[in-house]
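S.K.: Input: one structure, supplied below.
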Amino acid sequence: MNTLTVIGAGPGDRSMMLPAAAKKIEEADIVIADRRYVSVIAHKDVRPMGKISEMTAVFDCLCQNHKVTVVVSGDPLMYSLYKTIRKQLPDIEIEVIPGIGSIQLFAARLGETLEDAVFLSAHGRNLSEGRLALMADKHEKVFILCDKIHGPAWIARVLCGCGLEYVDMWAAENLSYENEKIVSGRPEDFISLEFESLCVVCLKNRQAAQPERLRLPALLSDEDFIRGKTPMTKEEIRWIILGKLKLTKDAVVWDIGAGTGAVSVECARQCPFGQVYAVEKDEKALELIEKNKKKFHAYNLKIVPGQAPESIRTLPVPTHVFIGGSGRAIEAIIDKVIGAGPGITVMAACVTVETTAQAAVCFKKLEDVQMIQAGICRSRPLGGYHIWDPHNPITLMVGRTV
């Protein structure tokens, strides 16, 4: 079997293709190229690339008797086809000729180095609002490969909606071509602008190095939150809740009856690439959630006004659900979660005997159910001594949908 060669043709202009890449094209029996390169490649047998899912089998077959070169745009080692080919054809020997990627050329145009940058891509990936905002907030320099949905206007709207309107922003399209265009400004300047779907964005946040923005997602104390008269789940109980929820970095969480937003914020910090939905009906509580969201830069936290189960009907399917307050609607809420699909972790916090009894019946519909009763006592001074000041015990129930 012959070696399959994967080369990067660069950003588009033929002058930016490496000589080594051009030589491999000349030596190949068959060239399979990204469609926008077919017309510029001088070869007797150049074929347009089809769907990626179908092409790996074609590569495998052709390599039996031919020298095959695959031409992809940019750099094959940077959000490109090579990773897919390597994964689906583990037994084929592959030679890689790198190319100049659009991010590298864009950085050169801006005079920016790349060793201190973070890279995001929307090409075949789920680029969430929360992940974009988190990266833009925590890092001084972010480069983003856009697609037709997640373009400069979408990025600008996310940044403005998350209080990051001060970030410097650049967008480039048609790099290396005669109609190359680079635009700079603040996010608000890009909201109404249109760009080609395959464009590149650079964000620079000069405030990212501030110490308070670099805090690791450690567990928070009650004193860290902005407080009001709305009841708040005590810190020790929150820590147990987080431990039992076992959140993943990309979890989708419903916090129903969010109160001050303490649990919502804690969850948002634990799943930076996921999304947290804080569902709350009380107007004063909603104001507190908004204040705490801003204080902790919880950009992946969305506030959902209203009462469950009505307010959760249009939310994305969750991976985790925490029910901190439900009134008498806990059965309807759990039925809604069960209807969303299997494998969803569900937890309820119950204070009253009646709620505990009702929840215990509802949780029989779930599997792997655990029940924990936690009673927290805190010391307080009494003269020259200290005594225990007990808080109401809370029953936590956790299970998974079948």
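S.K.: So what is the orientation-averaged projected area of the stretch 251-402, using the convex hull of its C-alpha atoms, in nm²?
M.R.: 10.3
S.K.: How far apart, in nm, are the 7 Å Cα→Cβ label points at His386 and Ile338?
M.R.: Reported label-point gap for His386 and Ile338 is 4.6 nm.
S.K.: If contacts are Cα pairs under 8 angstrom and at least 6 residues apart, what is the relative contact order of the stretch 129-265 in percent?
M.R.: Over the stretch 129-265, the number comes to 26 percent.
S.K.: Give me the lysines in straight-line cross-link reach of Lys138: C-alpha distance below 26 Å, same-chain residues under 8 apart excluded.
M.R.: Lys148, Lys204, Lys246, Lys249, Lys291, Lys293, Lys294, Lys295, Lys302
S.K.: log10 I(q)/I(0), Debye, Cα-only the stretch 186-283, no solvent, q = 0.12, 0.13, 0.18, 0.20 Å⁻¹?
M.R.: -0.57, -0.65, -0.95, -1.04
S.K.: Relative contact order (percent) for the stretch 286-402, with alpha-carbon contacts under 8 angstrom and 6 or more residues of separation?
M.R.: 25
S.K.: Between Ser326, Ser102, Ser39, find the one with the highest GNM mean-square fluctuation for the chain; connect C-alpha pairs within less than 10 Å.
M.R.: Between Ser326, Ser102, Ser39, it is Ser39 that shows the largest mean-square fluctuation.
S.K.: Here's another thing I want to ask about it. For the chain, modelled as a Gaussian network with Cα springs under 10 Å, which listed residue fluctuates most, Ala208, Ala251, Ala108?
M.R.: Highest fluctuation among the options: Ala108.
S.K.: Now for a different question. In whole Å, what is the distance between the alpha-carbon centres of the stretch 67-92 and the stretch 289-343?
M.R.: 41
S.K.: Using a 1.4 Å probe on the protein heavy atoms, what percent of the accessible area of the stretch 260-353 belongs to carbon and sulfur?
M.R.: C and S atoms contribute 53 percent here.
S.K.: Starting with the highest mean, order 116-126, 287-297 by the number of other Cβ atoms within 10 Å, averaged over the residues of each peptide.
M.R.: 287-297, 116-126
S.K.: Estimate the FRET efficiency between Ala360 and Arg125 by the formula 1/(1 + (r/R0)^6), using the beta-carbon distance for r and 45 Å for R0, to the nearest 0.05.
M.R.: 0.60
S.K.: Right, next: Using a 10 Å cut-off on Cβ atoms, rank the peptides 58-69, 368-379, 253-264 from the highest mean neighbour count down.
M.R.: 253-264, 58-69, 368-379
S.K.: Suppose R0 equals 25 Å. What FRET efficiency, 1/(1 + (r/R0)^6) with r the Cβ-Cβ distance, do Asp250 and Leu114 give to the nearest 0.05?
M.R.: Result of the calculation: an efficiency of 0.45.
S.K.: Give me the percent relative contact order of the stretch 237-282, please, defined on Cα pairs under 8 angstrom at least 6 residues apart.
M.R.: This gives 44 percent for the stretch 237-282.
S.K.: For the stretch 96-236, report the accessible area per residue in Å² (1.4 Å probe, heavy atoms, rounded to an integer).
M.R.: 50
S.K.: Relative to the present Cα-Cα distance, how much length would full extension add between Glu140 and Val317 at 0.36 nm per residue of separation?
M.R.: Additional length available on full extension: 60.4 nm.
S.K.: Let me ask something additional. Distances longer than 39 Å among the Cα atoms of the chain: what percent of all pairs is that?
M.R.: Percentage above 39 Å: 37.
S.K.: Using only the Cα atoms of the stretch 265-323, build the gyration tensor, take square roots of its eigenvalues as a ≥ b ≥ c, and label the shape rounded, prolate or oblate: rounded if a/c is under 1.5, else prolate if a/b is larger than b/c, else oblate.
M.R.: Since a/c reaches 1.5 but b/c is at least a/b, the shape of the stretch 265-323 is classed as oblate.
The values are calculated or read from the model by the stated rules, or taken from the named source; none is laboratory data. All figures in this text were calculated on a predicted structure; none of them were measured in a lab. For neighbour counting, all protein chains shown are included, and Cβ atoms are generated from backbone atoms with ideal geometry for every residue, glycine included. SASA here: full protein model, heavy atoms, side chains in, ligands and nucleic acids out. Shrake-Rupley method; radii C 1.70, N 1.55, O 1.52, S 1.80 Å.
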